[in-house]
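Single-structure report; data block below.
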Amino acid sequence: MSYPLTRDQHLELYYYMKLNRMLDEQLVRLFRQNKVVGGLYSNLGQEATSVGTAYALEKRDWIAPMIRNVGGLLVKGYKPADILMQYMARYDSPTKGKDGTSHFGDLKGRHVVSPISMLGDLVPVMTGVAIAGRYLGQNIVTMTWVGDGATSTGAFHEGLNFAATQHAPLVLVVENNQWAYSTPVAKQVPIHDLADRAKAYGIPSAIVDGNDVVAVYQATKEAVDRCRAGKGPVLIEAKTMRMKGHAQHDPAEYVPKKMFEYWEARDPIVRYEKYLTENNLWDEKTKSDFVARIEKELNDALEVAEKSPFPPPELAEQGVYCDGCHTIEAEWKRSKKEAMPPQSSVKPEWEVTDFGGFDLASTMAKQSAAAGANGGNGAKSARTVAAAQKSTGKSNGRPEKLKVAARVPFGRGPKGKEGRK
Amino acid sequence: MSYPLTRDQHLELYYYMKLNRMLDEQLVRLFRQNKVVGGLYSNLGQEATSVGTAYALEKRDWIAPMIRNVGGLLVKGYKPADILMQYMARYDSPTKGKDGTSHFGDLKGRHVVSPISMLGDLVPVMTGVAIAGRYLGQNIVTMTWVGDGATSTGAFHEGLNFAATQHAPLVLVVENNQWAYSTPVAKQVPIHDLADRAKAYGIPSAIVDGNDVVAVYQATKEAVDRCRAGKGPVLIEAKTMRMKGHAQHDPAEYVPKKMFEYWEARDPIVRYEKYLTENNLWDEKTKSDFVARIEKELNDALEVAEKSPFPPPELAEQGVYCDGCHTIEAEWKRSKKEAMPPQSSVKPEWEVTDFGGFDLASTMAKQSAAAGANGGNGAKSARTVAAAQKSTGKSNGRPEKLKVAARVPFGRGPKGKEGRK
Amino acid sequence: MAPVTMLEAIRQAIFEEMERDPAVVAIGEDIGVYGGAFKVTAGLLERFGWERVIDTPISETAIIGAAVGMSYQGLRPIAELQFIDFIACCFNQITNFVAKSHYRWGAPVPMVMRGPSGGGVHGGPFHSANPEMYFVHTPGLKVIYPSTAYDAKGLLKSAIRDNNPVLFLEHKFLYRRIKEELPEDDYTVPIGKAIVRREGRDLTIVTYAAMMHSSLEAAETLAKEGVDVEIVDLRTLLPLDKETILQSVKKTNKLLIVHEDTRTGGIAGEIAAVACEGAFEDLDGPILRVTAKDSPVPFSPPLEERFLPNVNDILSAARELAAY
Amino acid sequence: MAPVTMLEAIRQAIFEEMERDPAVVAIGEDIGVYGGAFKVTAGLLERFGWERVIDTPISETAIIGAAVGMSYQGLRPIAELQFIDFIACCFNQITNFVAKSHYRWGAPVPMVMRGPSGGGVHGGPFHSANPEMYFVHTPGLKVIYPSTAYDAKGLLKSAIRDNNPVLFLEHKFLYRRIKEELPEDDYTVPIGKAIVRREGRDLTIVTYAAMMHSSLEAAETLAKEGVDVEIVDLRTLLPLDKETILQSVKKTNKLLIVHEDTRTGGIAGEIAAVACEGAFEDLDGPILRVTAKDSPVPFSPPLEERFLPNVNDILSAARELAAY
Ligand SMILES: Cc1ncc(C[n+]2csc(CCOP(=O)(O)OP(=O)(O)O)c2C)c(N)n1
Ligand SMILES: Cc1ncc(C[n+]2csc(CCOP(=O)(O)OP(=O)(O)O)c2C)c(N)n1
Ligand SMILES: [Mg+2]
Ligand SMILES: [Mg+2]
C-alpha cells in the first residue's frame, strides 16, 4: 500500500530529522564542555527510523522511546529544551532532574511513556497501554522501539507474545542498528533478519530500509492502520546503523572501518536531501532556511536550558509515593455501562475446536495460513479457541456464591490435617 | 534418516512406557491414601514423548526433567522407588525429603539436573551444561523438556537464543500437551505449531507425533546426532495430550470431552502394543510377563518407600552451603593444556563481513539459507561474524598491562571532579 | 451473614471493587475460565467478561508489564501471581518499572499485585515463599500481609483504591482455616496502620500474617503463667507503622518480633532498628526474634515443621524475655 | 610494585585465577572483544580465548542460567552483570535456581556473580544500585562488598575458589579513586571475616564499601574532637561476621551503622538485631544508622548528593551518639 505525503509533510519529516541530527551534535558539544550529566547516547544515523515511524502515528496514539529515539519524542511534541535539560539534569526538565536522557513521559497530553534502562521492558508495558485503550474504546495504537540487542531479552519475548495472544494494537519497531554496545547482531542470534523473530508469535512483520525516511513512514503507516483495524500487533525491522560508539566514552574500535564507510554512504539525511531535490520538493533556500531556523531554535533552547537551575536538594525526598497529587481518571471513549455486567457476562468455557493432534498435511496448510488468520478480538483467537460470549445470569451487586468445588492445589500429605503449632 | 531398533530395544521402550504408566497409577492410589505429600502431576498420555526422547541419548549425555518426565528419569536409570520416595517425602529419596516430585538430580553418575518449579529456567542451564561439555571435550548432548505453556517464559527465550548463538549441543523438546494448567495452547500464542518458535533463533526444528514412541525416538535420535556433530541446537515439538488435570486437585472441566476422546483413541501405550503385535515383536506372553514384572517391581518399590522414614528434623538446617562436603572437579576429556594460553589466544576483534544493509534480494536468499548455515563452533557464527583466531603474544603468567585506554561509561557532569563527601 | 473464610473475603473484595468501578480489571494465569489456582477469582469471568478478566500466557513479566501499562491508562489492574514465589520472575518489572515510576516522572501506578504466600502446606521450596522483604526494601511500593478475613477484605479494597502499587500477600495457610463474619456494607481498612490484637503489660510481640495466630495462641498460654502479652499485628509492612510499635514498646518495655520469613535480613531487623532509634531508653531487655531458619523451605513435613517458627519457639523466647 | 586501583586489582584477580585453573571461565555482555563496560575484563579474551571468555546476547537470565550449568560441569564461571542493576533481570535464576541448588539436591554451584555497584557517579535510578539486601536475605548465597583494592583482589580470589555461589559487588565510585600496593605473591582474603580498620574506644561504626572511606574521614575529624571511633569494615555481608561486630560493640558500648543502601530494610536493621541479641547489656546508647534516603537514586547531582549519606551525616550521628 502507498500513503502519499504532501509537500508540507515531506518538509516536516526533514525538519524533524535535521532537528534530531543537530540536537545530537549540540549535545556532543555540551558533553565535551562537561555540561551533560551521565552518559550521552548518540542518535546519529538513525534519524529516519525514529522520525519516520513516529510520524505515522496520530495524536491520540502512544509511544515509549528508547535512548536513541529523540526523533520520535520531537515528533510527539517535545521541545529541544526538554531534551537538553534532561541531559543537563536541570530542574525544568520533564523529570525535574530525577532522571536523565530520554527517560521521561507524559500520560495525559502527549501520551508518552518513560522508558527505564532495562531493555525490553517497554514491550509488555505498551501492550498493556494498548489493550487498556481498546477496553476504553479509544481506538489507539501504541508504539515502542527495541534495539537488535534488546530482542534477546525475556521481556521482549513475554511482551510480544502476550501482545500477539491479545491481538493488541502494538507496533513494535526493531531498530536493527547492527550493534548492541560492542556486540554485533550475529552474536545476538544467528538469523539474518530480526523480522523473523515475529514468526515465533504468529504476527506479521516487515523489513524496511531504516535510512529511507519515506519508506520507514510508509511501512509504519501500513502497520499502524492494520493495528487500528484490530488485526493485532506488527513487528517492523528497520535496518540502520549506529554511527557512533554506544555512548560518548566508546570509540567503537570494534566496528570495522569499512562498515562505517558503507553506512556513511547511506546517511539518511543526505539521502533525503537528495530525494527532496530530485523530486523538486524544495530548493537550496528552503534548506538553508531550515538550518537557520533549527540553529536558532537550538540556541534558544540552550539558553532556556542554561538558565534552568539544578533542582533543589529537598526534591530528592519528594514524590516516592502519590499521596493525593494525582487524580486518576481513565479516558472513556465508550459508555462505561458497556464494560459492566451483565452485558459482558460470559460462560467460563473454552471452545476448543482444534485438538492439536499430529497431522502432517493439515499442519502444513494451517501453518501457512496462520499469520493472517488472527481475528481482531483480544479475547479470542480465531483459529482454535473461541470464548463463549453468551450472557448468563444477572447482576445483583454481590458476587454469586462460589459454585466450583473448593479445591486446593496440594494434597494433604500424612500430617496435613493437624495444621501446625 | 531412519534409525532401526532391535527387538530388545523395542521391548525396552515398551518396558519404560508401561513402567511410567503403572507408576503413575500407583502414585494416584497413594495420593488418594494421603501418602503423597504436596501436589501430584500425572504423566498420563505423555509416556511416549518422555521415554522416546530420553531413549535417544547416551549414558554420557545430560537431561533435566520437568514434572511430567518421569519416563525420562526411568530411562536415565532412576528406580521407581526414587520417584515414590520423592513424592512421599522420605529420607531415602534422592533429595532426602528436601524437595519433592521430579525435583532431583545426580551430577556425577546419571547426569541429571534437578529442575525448579519456575518454568523455562532449565533452558539456559542445560545450555550451560552443553557448552561446558564442549569446552571439556566431552562430546555430549544435553536435553530438556518444556511444556507448551513454558515456551511463553522469558527464560525459554533467553536460554534458547543463547544456545542458538553458541551452537550449543542442546535438544529442546517442546512437549505440546495442549494445555498449560487450564490454558489452551491458542491462548499461549497464536501459532499452530510451537515448532515455529525455533524460527526466531535460526535453529532447525521438527514436529513429531508425541504419542508414537518410535517416531519420537527417531526424530530425537536425528536431533541428538546433529547436535553431537556440532551443528547446534534443535527444537522438537512433540504433539501429545495431558490426559488428566494439571494435578490431582484439578478435574480439568475446562477441557472439552471430545478432546479427551480424540486423544484417548490415540493412547501411546495401546498404540505401541498394537504396533508390537503387528510387527511380530512380541506375543501375549511377553506382554503379560512385562506387566507382572513391573507389578512386582512397583510392589517392591513401594515396600522400600514405605519402610523409609521421614527425614530427621535436624536435616532442615543442614546443607544450605557446601562447606567441604564436595570436591569439585571437572571431567576433562581433552588436555587441560589445550584450554590454556597461549594456544587459544586471539585478537580481540570482530570480523564482520555482512554490514546488515537493506537489500531485498540478498535478504531473501540469505534467509532461506540461514538455518543450515550455522557452523559448529560456538565462538563464531559462520555467516556474518568470524572471530579472529590467530595466536598473539605469549604467556608470562601475569596479566598484560591494560592497553585499551581506560574510559568510564559516564561523563563527569558539572560536579564530577569533586567526588563526594 | 454467615462467617466467611479469608479466601472468600478476598474474593468479595475483588468482586465488589469491580462492581463499583469499571476501571478495575483482573489479570493473571488461569484466573478466568479456571477461576485461579486457589479459586480466589472463581466466578469473576462470568460476571465481568473477557475484557476485564484476562487470562494470560505463562509470562509474569508480561503480566506485571501489561498491568503497569493499563494503570497508565487510568485503569486499576489487579494482577495475580499464581503462587507468590513466581514474583521472582517479574522482579525487575516490579522493582525498576513499577516502583520507580512515580518518583522518576510523576506517573502514578495504581495497581495491586497479589498471590498466595507462606508455608505450612508442604508446598516445598518453590510454593511457600514469604517474599515481603524484597519489596519492603523497595521504596515506591506498599506491602500488605493481613492475618484476618476482615482485614484482608478491607485492606485489599484500600489497595485497589490506592494510587500506588501495592503488593498484597495472602497467607495460603490461612485461606480456609480462619472464618469471620463480615459487615454487610462496604468498608475499608487503612493501609499503614498496625493494630493491637491483644492488650498486655509485660511484653510486646510484633508480628503479622500466619504468625499472628501462633502468637495469640502463645499469649493465651503465657497469660496462664502470669505473663501478659501485647500483640501488635502489623498488617501493613510498608509503610511500617512505627508509632504503634513504639507506643507498645514504651508501654511493655520488652520486644519480641515474630515472623515466618527467614531470619537474616527479615523484617525483624528493621523493627529492631526502629525500636532502638525510637525507644531505646524504654527497653528493659534485649530485642528477641523468632523466625524461620536461614534456608530454603524444605518439603518433607518434619523438615518444614522444624524450619518454620512455631508456638513453642514463641513461648521460649517470650519466657526468656519475660524473665529478663 | 606500583600502586594499583581497585579496578586493576579485580582484573588481576580474574586473570590470575584463570591462569591458575582452566576450570575458571568468564561470561557476560561485552566482556570479551570490548573488555567490559568498565574495562575490568580488558585483555581477557586475548589471553584466554573464545572458549573461556564468552560474550553473550543481552540476556541476564541466560548468563546466570548458563553459568549454573557450567558450574554443574565442574567449571567455575565468573558472570559479569554489566551494571549490577541488571541483576533484577535474573533475580529468579539467582534466588531460586542458584541459591537453593545445594540445599535441595546437594549440587554445589561454584560461581561468582559480579558487577559495578553503588552511586555517586550520576548514574541515575538504573545505574547506581546497591542490591546487597535482596541477596543477604537469600540463604545459600554469599555476598561480598569490599572497600579496598587489597581486599577486592583477595576476596575475589576466595570467591572464585569457593564452592558456593558468591555475589561480588564492586563499588564503581571506588574503581579508580583508590590505589594501593599489592603483594607480588598470590594471596586471598577469607570470606566471612570483617576487619577493624581503625581502633577506637568511644564508639563503633560498622560499615562497608564506599561508606568505609567516608567513615574513616569522619573518624579523623572526630578524633580531633576527642571522640575515638572504631571502624569495622564488614567486607563480607553474608555470612555476617557477628563476632567482630559484637566484640567491638562490647568494647566501645556504642554502635553506629553506616551504609549507602536505602534505609528501610537495609542491612543496618540486621546488624541492630544482632547487636541487641548479642550485646544488649553492653549498649550505652541507642543504635543509630546513617543511610541513603528511602527513594530511587535520583539523577541530578544536587539530588543524588542529598540522597546519599555523607561525611556530615556520619559526623552528626556520631556526635549525637558520643554525647549520649
Ligand atoms: C536488561 C539490560 N541488560 C543490559 C543493559 C546494558 N545495555 C544498555 S544499552 C545496551 C546495548 C543495547 O543494544 P540495542 O538493544 O541493540 O540498542 P542500541 O544501543 O543499539 O540502540 C546494553 C547491553 C541494559 N540496559 N538492560
Ligand atoms: C514461571 C512460572 N509461572 C507459573 C507457574 C505455575 N505453573 C506450574 S505448571 C503450570 C502450567 C505449565 O504448563 P506447560 O508448560 O504446558 O506444562 P504442562 O503442565 O502442560 O506439562 C503453571 C502455570 C510456574 N511453575 N512457573
Ligand atoms: Mg543495536
Ligand atoms: Mg502443557
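Results for (1) within 12 Å of another protein chain (Cβ to nearest Cβ); (2) modelled with pLDDT under 95; (3) over 24 Å from the mean Cα position of the chain (by Cα), shown as yes or no for each residue.
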site	(1), (2), (3)
C:Val229	no, no, no
C:Asp233	no, no, no
C:Leu255	yes, no, no
C:Ala268	yes, no, no
C:Ala272	yes, no, no
C:Asp282	yes, no, yes
C:Arg289	yes, no, no
C:Leu308	yes, no, no
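Among the candidates B:Gly72, B:Gly133, B:Gly137, single out the residue that is in a loop (DSSP other than H, G, I, E, B) and either within 11 Å of another protein chain (Cβ to nearest Cβ) or in contact with a Ser or Thr (Cβ under 7 Å, 6 or more places away or on another chain) (or both).
The match here is B:Gly137.
Here's the yes/no breakdown for (1) of a type in the set (Lys, Arg); (2) in a helix (DSSP H, G or I); (3) free of Cβ contacts under 8 Å to residues at least 60 places away in the same chain:
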{"site": "A:Val146", "(1), (2), (3)": "no, no, no"}
{"site": "A:His157", "(1), (2), (3)": "no, yes, yes"}
{"site": "A:Asn161", "(1), (2), (3)": "no, yes, yes"}
{"site": "A:Thr165", "(1), (2), (3)": "no, yes, no"}
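For the subset of region B:242-268 comprising residues that are acidic (Asp, Glu) and part of a helix (DSSP H, G or I), which member is nearest to B:Gly38 (Cα to Cα)?
Per the stated criteria, the residue is B:Glu264.
Can you tell me how many residues within region A:117-130 are assigned to a loop (DSSP other than H, G, I, E, B) and either more than 7 Å from chain C (Cβ to nearest Cβ) or crowded, with 24+ Cβ neighbours inside 10 Å (or both)?
Summing the residues that are assigned to a loop (DSSP other than H, G, I, E, B) and either more than 7 Å from chain C (Cβ to nearest Cβ) or crowded, with 24+ Cβ neighbours inside 10 Å (or both) in region A:117-130 gives 4.
Quickly run through region A:162-190 and pick out the residues that are touching a Leu at 6+ places or on another chain (Cβ under 6 Å) and within 14 Å of chain D (Cβ to nearest Cβ).
The answer is A:Val174, A:Asn176.
With the condition kept exactly as written, say whether any residue in region B:180-196 is assigned to a strand (DSSP E or B), of a type outside the set (Ser, Thr, Tyr), within 16 Å of ligand 4 (Cβ to nearest atom) and at pLDDT 95 or above.
Yes, region B:180-196 contains at least one residue that is assigned to a strand (DSSP E or B), of a type outside the set (Ser, Thr, Tyr), within 16 Å of ligand 4 (Cβ to nearest atom) and at pLDDT 95 or above.
Within region C:203-223, can one find any residue that is part of a loop (DSSP other than H, G, I, E, B), surrounded by fewer than 24 Cβ atoms within 10 Å (Cβ to Cβ), small (Gly, Ala, Ser) and more than 9 Å from every other protein chain (Cβ to nearest Cβ)?
Scanning region C:203-223 turns up no residue that is part of a loop (DSSP other than H, G, I, E, B), surrounded by fewer than 24 Cβ atoms within 10 Å (Cβ to Cβ), small (Gly, Ala, Ser) and more than 9 Å from every other protein chain (Cβ to nearest Cβ).
Could you tell me which numbered condition C:Tyr34 fails, if it satisfies all but one of (1) surrounded by fewer than 24 Cβ atoms within 10 Å (Cβ to Cβ); (2) facing another protein chain (nearest Cβ under 7 Å)?
So C:Tyr34 meets the others, but not (1).
Is it the case that A:Val113 is within 14 Å of chain C (Cβ to nearest Cβ), more than 16 Å from ligand 1 (Cβ to nearest atom) and within 23 Å of A:Ile236 (Cβ to Cβ)?
Yes.
Pull out all pairs, ordered by first then second residue, where Cβ-Cβ is under 7 Å, the residues are six or more apart or on different chains, the first lies in region A:183-194 and is touching a residue at least 40 places away in the same chain (Cβ under 8 Å) and farther than 20 Å from D:Val53 by Cβ, and the second is near ligand 3 (Cβ under 10 Å from one of its atoms) and of a type in the set (D, E, K, R).
A:Leu194/A:Asp148
Can you go through A:Gly39, A:Gly52 and tell me which one is at pLDDT below 95 and closer than 22 Å to A:Gly149 by Cα?
A:Gly39
Counting only residues that are more than 18 Å from A:Met243 (Cα to Cα), part of a helix (DSSP H, G or I) and touching a Lys or Arg at 6+ places or on another chain (Cβ under 7 Å), how many does region A:1-51 have?
Counting residues in region A:1-51 that are more than 18 Å from A:Met243 (Cα to Cα), part of a helix (DSSP H, G or I) and touching a Lys or Arg at 6+ places or on another chain (Cβ under 7 Å) gives 0.
Taking the condition of being part of a loop (DSSP other than H, G, I, E, B) and under 23 Å from D:Val98 (Cβ atoms), how many residues in region D:157-185 meet it?
Counting residues in region D:157-185 that are part of a loop (DSSP other than H, G, I, E, B) and under 23 Å from D:Val98 (Cβ atoms) gives 4.
Mind checking which residues of region B:269-280 are assigned to a loop (DSSP other than H, G, I, E, B) and within 14 Å of B:Lys18 (Cβ to Cβ)?
Of all residues in region B:269-280, those assigned to a loop (DSSP other than H, G, I, E, B) come to B:279-280.
None - no residue of region B:269-280 is assigned to a loop (DSSP other than H, G, I, E, B) and within 14 Å of B:Lys18 (Cβ to Cβ), so the list stays empty.
Counting just the residues of region C:37-58 that are assigned to a loop (DSSP other than H, G, I, E, B), of a type in the set (A, V, I, L, M) and more than 7 Å from chain A (Cβ to nearest Cβ), which one comes out nearest to ligand 4 (Cβ to nearest atom)?
C:Ile58
With respect to A:Arg228, determine if the residue is closer than 30 Å to A:Leu11 by Cβ, away from ligand 1 (no atom under 16 Å from the Cβ), in contact (Cβ under 8 Å) with a residue 60 or more places away in the chain and in contact with a Pro (Cβ under 7 Å, 6 or more places away or on another chain).
yes
Which condition breaks for B:Gln343 when tested against (1) touching a Lys or Arg at 6+ places or on another chain (Cβ under 8 Å); (2) loosely packed, with under 13 Cβ neighbours inside 10 Å; (3) at pLDDT 85 or above?
Condition not satisfied by B:Gln343: (3).
Looking at D:Gly35, D:Gly74 in this structure, which one is farther than 30 Å from C:Val98 by Cβ and free of Cβ contacts under 8 Å to residues at least 12 places away in the same chain?
Checking each option against the conditions leaves just D:Gly35.
Only residues that are hydrophobic (A, V, I, L, M, F, W, C) and farther than 16 Å from D:Phe86 by Cβ: list them for region D:29-75, please.
In the first step, residues of region D:29-75 are kept if they are hydrophobic (A, V, I, L, M, F, W, C); the result is D:31, D:33, D:37-38, D:40, D:42, D:44-45, D:48, D:50, D:53-54, D:58, D:62-64, D:66-68, D:70, D:75.
D:Val33, D:Ala42, D:Leu44, D:Leu45, D:Phe48, D:Trp50, D:Val53, D:Ile54, D:Val68, D:Met70, D:Leu75, listed by residue number.
Spot the failing condition for B:Ile236; the list is (1) within 16 Å of ligand 2 (Cβ to nearest atom); (2) surrounded by fewer than 21 Cβ atoms within 10 Å (Cβ to Cβ); (3) not in a loop (DSSP other than H, G, I, E, B), and only one is missed.
So the condition that B:Ile236 fails would be (2).
Take the residues in region D:117-151 that are among the hydrophobic types (A, V, I, L, M, F, W, C) and free of Cβ contacts under 8 Å to residues at least 60 places away in the same chain, then tell me which one is nearest to the other protein chains (Cβ to nearest Cβ).
D:Phe126
D:Pro110 is checked against (1) farther than 18 Å from B:Val320 by Cβ; (2) in a loop (DSSP other than H, G, I, E, B) and fails just one. What number does that condition carry?
(1)
The values are calculated or read from the model by the stated rules, or taken from the named source; none is laboratory data. What you see is a predicted model; the values in this text were computed from it and never measured. Using ideal geometry, Cβ is built from the backbone for each residue, glycine included, and neighbour counts are taken over all protein chains shown.
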